[in-house]
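Asker: Okay, here's the structure, questions in a sec.
The values are calculated or read from the model by the stated rules, or taken from the named source; none is laboratory data. Keep in mind that what you see is a predicted model, and the values were worked out from it rather than measured. Note that we place each Cβ from the backbone using ideal geometry, even for glycine, and neighbour counts take in every protein chain shown. SASA here: full protein model, heavy atoms, side chains in, ligands and nucleic acids out. Shrake-Rupley method; radii C 1.70, N 1.55, O 1.52, S 1.80 Å.
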Amino acid sequence: MEEEELQKAVLTYLRKKGFTKTELALQEEQQNRLPSHSDLPLSRLENSPGRYKNGYSKLRSWAHCSLDLYKHELLRVLYPVYIHCFMDLVAEGHMQDAREFFQNFREDHELMHLRDLQKLEGILSPSHLEEMELARSLRQNKVRIKICEYSYDLLLQYLQKTQSFSILGIVNERINFEVSPGQPISISDDAEVVALVGSSHDLAKHINQKEVRWGLLEDSVEERLEKGNSDSEKAEDENKEIEPEENKAITMIFFKTLKRSAGGGKQTAPSKKSKKDKLVAATGKNVRSETSTVAVAPRVKPELTLPVMPMEVEKMIINDLRNRVQLSSMALPSVCFYTFINSHNGLNCSAISQDGSFVVGGFSDSSLKVWDMSKIGQSATLGEDQSTFNEHLVGTEEGKSSCTVFHGHSGPIYSATFSPLGDFLLSSSSDSTIRLWSPKLNANLVCYKGHNYPVWDVQFSPFGHYFASSSHDRTARIWSMDRIQPLRIMAGHLSDVDCVQWHANCNYIATGSSDKTVRLWDVQTGECARIFIGHRSTILSLAMSPDGRFMASGDEDGAIMIWDLSSSRCISPLMGHNSCVWSLAFSREGSLLASGSADCTLKLWDVTSSVKGQKIEESKTSTTNRLRLLRALPTKSTPVYTLQFSRRNLLLAAGALSKC
Amino acid sequence: MSIVPKETIEVVAQSIGISNLSPEVSLALAPDVEYRLREIMQVEAIKCMRHSKRTVLTAEDVDSALSLRNVEPIYGFASTDPLRFKKAVGHKDLFYLDDRDLDFKEVIDSPLPKAPLETAVVAHWLAIEGVQPAIPENSPVEAIVSPSENKKSENTKEDGLLVDLKLPVKHVLSRELQLYFDKITELTVTRPESNLFKEALVSLAMDSGIHPLVPYFSYFIADEVARSLNDLPILFALMRVVRSLLQNPHIHIEPYLHQLMPSIITCVVAKRLGSRIADNHWELRDFSANLAASVCRRYGHVYHNLQSRLTKTLINAFLDPSKALTQHYGAIQGLAALGPSVIRLLVLPNLEPYLQLLEPEMQLEKQKNEMKRKEAWRVYGALQCATGKCLYERLKMMPTLLSPPKHGVWRINPRIAISRIKRKLSTNNSSQQPPFKKMAVDGPAGTIQAIATTTANLQGAEDGFSPQSSGAGTAQSSAPGQVSIDSIGSRREKGGSGAPKGSVVLAQAWKEDLDAGNLLSSLFQLFGEGILSFTQSPEKSFFL
């Protein structure tokens, strides 16, 4: 006010004195100064909490109105801007505005980032920002966004033109644009965008450049057979790690049996071979060349002899391999389903032995129960004439009698696994221990203590003796049965390690975590060899393809992803389940993937078509070829807890009947 | 600001004895309380829930989440079932647990609750080669179909296609058909001798509208045969029903043969058919054997393994010495009904050892049980008949080669021969009838010599059969063998001199003759003269 009066006074003084020119000059100057005056309220706005809301809503409407061609790229920018606006508001202490802002635009992102939003919603004070790991990692790391050149220019022009500096600041500070020349990338749901996770992308990129020797073991029976030009069925590496002389014995048996079969019908063997060749043709060539280049894989195995496989077991395995059903999209497997009845919501996990004769259930009352299915089968056939279904609901004496209860844990059991030969059983519990049991002796053999928090998952290696565990303490550990201390500790996940799985060649383990990443670890060095980013929620299940090339992972939202281990790329996301994917399993020759979910379905996917699809994609850069869903098998309100293909490719599944 | 109002904080503070909590503190605490709650509920408890493979959060999960954070769990909510919340009246988002006051006395007085059922594991086939069988253990069809309808998303169609189900077939039967079925089955079981049943059989064989009943009939037959093995009339009636069904040109019985065949075979080779000694189960066996053979002939081209399976079953019964003689009889009859080639391939090679086995059974000295002996003779007769038929077929091939030139020469009056044979046959057992008749009809013209030899042969035949009643041993002589060889020699001369045909034909004929001659001679050795009745008259003249 004072200033204006002063000006008026000056002007009247000038008029009085007759300095008309000076007066005009002054007025002109005043006119010129006006625009800069308008800066004042703007800058004031910039400092107020409202500027974020303002800037963001403008950016949002601008992005939505942009050309369709560039729209999806520009929309990608919105989410990081949104959460950082929110966090900036929180950091500045405008709690009320932060919450308002968050709720206003929440709907936009719920589809893609529901789980993150649920977590971020809880942030109510600047201290929470520090405490919550998700927020912290978001603040510390830059989001990487792939964007085409023109979209990038458009965005910058817009931000400068509208002079929304707060947004510009966020974009500069938090987003790392990877500008690519040419047309925008057509895939709207690029995995990179989805995975807005705490881990540094640069680090992931760096790690993923390491070489992964994903080939099968050179010493495997299969390879020996192939070298010997014998055209037998594909012997998978579950043929155990055998000492060389034993190995010879196996091949000898193979040759003998082959000779015998050749006497009967010579034409069968070549036809089988051609069939197999066709099957392998898609991946086979690559695999072979790779495996042949892989040097003798450095084993984790110390100079410890593995439990020597008895001759009968070997014979049994070979027999199984020879009798294996070849599965393909045309030949679907038979599924034997083990239903746990009257589990009273207490069943936490289950596992089936290789041959399907034993079923184990881990319960929340810390008991572990093993059923001998061969006995149940016998008694069931005896009483077949009676009305079977009533029997099932009531629970029969047969079921009771053949169950062995193992007590020892002091907390809910979260995972159980049979050794490949079925002679040992491991269970992991919330009491942070892992216990080794012998179903033959009906006794607890060892208690492995090492984890500090509940052990979520434990898995035997494909060759037995070694096992891996994953825990709430954010580590995965490798153990051998004869040491009570872990051999390796894999640390690096930013949240719980929820599941673990061995690679077919035993050189790697894969872990799935609540931080939405899957990591591959080198068993020998204990280092992270791959980070797979793409899931939008906790990873609950993992499976490795028998040829060692692919990995499947299933998450809480029902998405399944198939990864190429060497390129660390997601081949195709499989959408179909609408609830947690508890279990995944590749068929023994790797052509099918089975998934079991909490939505009470079991789905079968065609893997071979997806691999072909990937090749097409690579050559033609067409849209992603989704993995083909072959069959959905609904169960009777029974979520599928575990899945396993037997050596003969019979699919075994288990679940607890839940009364809805 | 926070979903936890500051009043709540104040209430909690008061409850633990802090009365003078300043409003600023409660205001500052409220957001932190919310944050901690979210941390426990949304992060940790959810984790525990996931690892317990559940999708519903329970109090137990919250407890384990609290223990993960080293916080004492909340007691008093121990239940594995999800909590049931009730909506507070008048409030939109307010829920509460219905926690009733329990009278202590009531709890004590009430009987002990039932022990929960033991957890058990049951196995079933969720899918067989990718197809779900419609069994009670699998999800019912409606449940599968309805969610895809409810979804109404773009992948609904896809889902619908992917679900591959074997539905149980719903069969609609008209009232008339049901009545018809009931009547027929009742007749079969209660009055198999009545005229009405005969009418019913005719109806079954002719009616064009009974196709929907075929599965029910086949089930009824299979069921009833298994149940009334002791009741011969019913079994016979059932087999007649089968025959009528097979005769009916309007029904498509192939899919049900697998159900019918076991019943038929049961009636052929069962150890005991009928309960009384007087029951003529032999007749039933013959009847069923012919039925089985006719099925094979008619549907052999549809089911390639039908005959092989049938012969396998029969030959197993035949060659198993532990089986009863009645079973052997049935097996032989069944094989015989399948045709001479089957006999040649399967029965003849085993004939000699079998007869050695059978012989002691037939002899009075060795087998005291008359029933058994009689049975043995039955078997013997059946065997003789079967091999004879085979021999007959074998020999029949020769006249086609050799008879034409001779036909005119020896043609005299066939009727005499036939009539004589017939007369003779009437004395013979009924089981031997078909081949004889066939011979009589099929046989080429007889000659005077033939008549002479036939009478001789028929006497021989009677000799052959006479042991059946007398129990005398079989006549084993070396002479007939020589005779037959001689006859071949003489025949060769005749062929050489008389036949105008080319030598190639003759050579072939001789070969055939030699085979047949050898067969005849060996059979003669085994059966004695009885077998000669199966040779054709002109041929016999050569052999003898």
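Asker: Condition first: among the β-branched types (Val, Ile, Thr), under 16 Å from A:Ser137 (Cβ atoms) and open to solvent by 10 Å² or more (accessible area, probe 1.4 Å). Now tell me which residues in segment A:503-533 satisfy that.
Answerer: Taking segment A:503-533 and keeping what is among the β-branched types (Val, Ile, Thr), we get A:509, A:511, A:517-518, A:523, A:525, A:531, A:533.
Okay, now just the ones that are also under 16 Å from A:Ser137 (Cβ atoms), so A:517, A:531, A:533.
Passing the criteria: only A:Ile533.
Asker: Has segment A:29-40 got any residue that is among the hydroxyl-bearing types (Ser, Thr, Tyr), at pLDDT below 80 and exposed (fewer than 10 other Cβ atoms within 10 Å of the Cβ)?
Answerer: We begin by selecting, within segment A:29-40, every residue among the hydroxyl-bearing types (Ser, Thr, Tyr); these are A:36, A:38.
If we keep only those that are at pLDDT below 80 too, we end up with A:36, A:38.
Filter again for exposed (fewer than 10 other Cβ atoms within 10 Å of the Cβ), leaving A:36, A:38.
Yes, segment A:29-40 contains at least one residue that is among the hydroxyl-bearing types (Ser, Thr, Tyr), at pLDDT below 80 and exposed (fewer than 10 other Cβ atoms within 10 Å of the Cβ).
Asker: So, one more: Identify all residues within segment A:113-168 that are open to solvent by less than 30 Å² (accessible area, probe 1.4 Å), small (Gly, Ala, Ser) and either part of a helix (DSSP H, G or I) or within 22 Å of A:Ser537 (Cβ to Cβ) (or both); write none if there are none.
Answerer: Across segment A:113-168, the qualifying residues are A:Gly122, A:Ala135, A:Ser137, A:Ser151, A:Ser166.
Asker: Restricting to segment A:638-660, name every residue that is touching a Lys or Arg at 6+ places or on another chain (Cβ under 7 Å) and within 8 Å of chain B (Cβ to nearest Cβ).
Answerer: Scanning segment A:638-660 gives A:Pro639, A:Tyr641.
Asker: Among the candidates B:Leu21, B:Leu66, which residue alone is more than 14 Å from every other protein chain (Cβ to nearest Cβ) and surrounded by 12 or more Cβ atoms within 10 Å (Cβ to Cβ)?
Answerer: On the way: B:Leu66 fails: more than 14 Å from every other protein chain (Cβ to nearest Cβ).
Residue meeting the stated conditions: B:Leu21.
Asker: Please count how many residues of segment A:489-525 are away from chain B (no Cβ under 14 Å) and without any contact (Cβ under 8 Å) to a residue 40 or more places away in the chain.
Answerer: Let us first name the residues in segment A:489-525 that are away from chain B (no Cβ under 14 Å), namely A:489-492, A:501-511, A:517-525.
Pick out the ones that are also without any contact (Cβ under 8 Å) to a residue 40 or more places away in the chain and you get A:489-492, A:519, A:522, A:525.
Going through segment A:489-525 one residue at a time, the tally reaches 7.
Asker: Go through A:Arg483, A:Arg549 for me and flag whichever is out of contact with any helix residue (DSSP H, G or I) (no Cβ under 9 Å at 6 or more places or on another chain), basic (Lys, Arg) and open to solvent by 10 Å² or more (accessible area, probe 1.4 Å). If you could, list the steps in order and put the result at the bottom.
Answerer: On the way: A:Arg549 fails: out of contact with any helix residue (DSSP H, G or I) (no Cβ under 9 Å at 6 or more places or on another chain).
Answer to the selection: A:Arg483.
Residue-by-condition table, conditions (1) touching a strand residue (DSSP E or B) at 6+ places or on another chain (Cβ under 8 Å); (2) closer than 30 Å to A:Ser658 by Cα; (3) at pLDDT 85 or above:
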residue	(1), (2), (3)
B:Ser2	no, no, no
B:Pro5	no, no, no
B:Gln14	no, no, yes
B:Pro23	no, no, no
B:Met41	no, yes, yes
B:Glu44	no, yes, yes
B:Ser64	no, yes, yes
B:Pro73	no, yes, yes
B:Ala78	no, yes, no
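Asker: Next question. So which residues in segment A:344-360 are without any contact (Cβ under 8 Å) to a residue 24 or more places away in the chain and more than 7 Å from chain B (Cβ to nearest Cβ), if there are any at all?
Answerer: Pass one, segment A:344-360, residues without any contact (Cβ under 8 Å) to a residue 24 or more places away in the chain: A:344, A:346.
If the condition is that a residue be without any contact (Cβ under 8 Å) to a residue 24 or more places away in the chain and more than 7 Å from chain B (Cβ to nearest Cβ), then no residue fits.
Asker: I would also like to ask the following. Considering each of B:Ile332, B:Ile264 in turn, give the residue that is farther than 19 Å from B:Ile234 by Cβ and β-branched (Val, Ile, Thr). Write out each step before concluding.
Answerer: On the way: B:Ile264 fails: farther than 19 Å from B:Ile234 by Cβ.
Matching residue, one of B:Ile332, B:Ile264: B:Ile332.
Asker: Among the listed residues B:Glu186, B:Glu149, identify the single one that is more than 25 Å from A:Ala331 (Cα to Cα), modelled with pLDDT of 85 or more and out of contact with any Leu (no Cβ under 6 Å at 6 or more places or on another chain).
Answerer: The unique qualifying residue is B:Glu186.
Asker: Further question on the same structure: Among the candidates A:Ile341, A:Ile317, single out the residue that is of a type in the set (A, V, I, L, M, F, W, C), away from chain B (no Cβ under 14 Å), in contact (Cβ under 8 Å) with a residue 60 or more places away in the chain and crowded, with 16+ Cβ neighbours inside 10 Å. Break it down into steps so the answer makes sense when it comes.
Answerer: Working: A:Ile341 fails: away from chain B (no Cβ under 14 Å).
It is A:Ile317.
Asker: Can you pull out every residue in segment B:312-326 that is of a type in the set (S, T, N, Q) and closer than 16 Å to B:Glu359 by Cα? Walk me through it before giving the result.
Answerer: Kept after step one, since they are of a type in the set (S, T, N, Q), are these residues of segment B:312-326: B:313, B:316, B:322, B:326.
Selection gives B:Ser322, B:Thr326.
Okay, residues lined up against (1) of a type in the set (A, V, I, L, M); (2) over 24 Å from B:Arg309 (Cβ atoms); (3) in a helix (DSSP H, G or I); (4) touching a strand residue (DSSP E or B) at 6+ places or on another chain (Cβ under 8 Å):
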{"residue": "B:Glu176", "(1), (2), (3), (4)": "no, yes, yes, no"}
{"residue": "B:Tyr180", "(1), (2), (3), (4)": "no, yes, yes, no"}
{"residue": "B:Ile184", "(1), (2), (3), (4)": "yes, yes, yes, no"}
{"residue": "B:Leu201", "(1), (2), (3), (4)": "yes, yes, yes, no"}
{"residue": "B:Gly209", "(1), (2), (3), (4)": "no, yes, no, no"}
{"residue": "B:Leu213", "(1), (2), (3), (4)": "yes, yes, yes, no"}
{"residue": "B:Phe217", "(1), (2), (3), (4)": "no, no, yes, no"}
{"residue": "B:Arg243", "(1), (2), (3), (4)": "no, no, yes, no"}
{"residue": "B:Ser263", "(1), (2), (3), (4)": "no, no, yes, no"}
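Asker: Could you check segment B:84-118 and list, in sequence order, the residues that are of a type in the set (Asp, Glu) and open to solvent by less than 100 Å² (accessible area, probe 1.4 Å)? Don't jump to the end; show me each part of the working.
Answerer: Restricting attention to segment B:84-118, the residues satisfying the condition of being of a type in the set (Asp, Glu) are B:93, B:98-99, B:101, B:103, B:106, B:109, B:118.
Once the filter is applied, which keeps residues that are of a type in the set (Asp, Glu) and open to solvent by less than 100 Å² (accessible area, probe 1.4 Å), segment B:84-118 yields B:Asp98, B:Asp103, B:Glu118.
Asker: Please determine, by comparing only the residues of segment B:311-360 that are out of contact with any helix residue (DSSP H, G or I) (no Cβ under 7 Å at 6 or more places or on another chain) and charged (D, E, K, R), which one is nearest to B:Ala270 (Cα to Cα). Let's see the steps before the verdict.
Answerer: As a first pass, look at segment B:311-360 and keep what is out of contact with any helix residue (DSSP H, G or I) (no Cβ under 7 Å at 6 or more places or on another chain): B:312, B:316, B:320, B:322, B:324, B:339, B:341, B:345, B:349, B:353-354, B:356-357, B:359-360.
Subset that is charged (D, E, K, R): B:312, B:320, B:359.
On the way: B:Lys312: 15, B:Asp320: 14, B:Glu359: 22 Å.
Step by step, filter segment B:311-360, then rank; the result is B:Asp320.
Asker: Here's a follow-up. Just a yes or no: is a residue in segment B:36-55 open to solvent by 60 Å² or more (accessible area, probe 1.4 Å), closer than 23 Å to B:Ile9 by Cα and free of Cβ contacts under 8 Å to residues at least 24 places away in the same chain?
Answerer: Taking segment B:36-55 as the starting set, the residues that turn out to be open to solvent by 60 Å² or more (accessible area, probe 1.4 Å) are B:36-37, B:41-42, B:55.
If we keep only those that are closer than 23 Å to B:Ile9 by Cα too, we end up with B:36-37, B:41-42.
In the following step, the residues that additionally are free of Cβ contacts under 8 Å to residues at least 24 places away in the same chain were identified as B:36, B:42.
Yes, the conditions are met somewhere in segment B:36-55.
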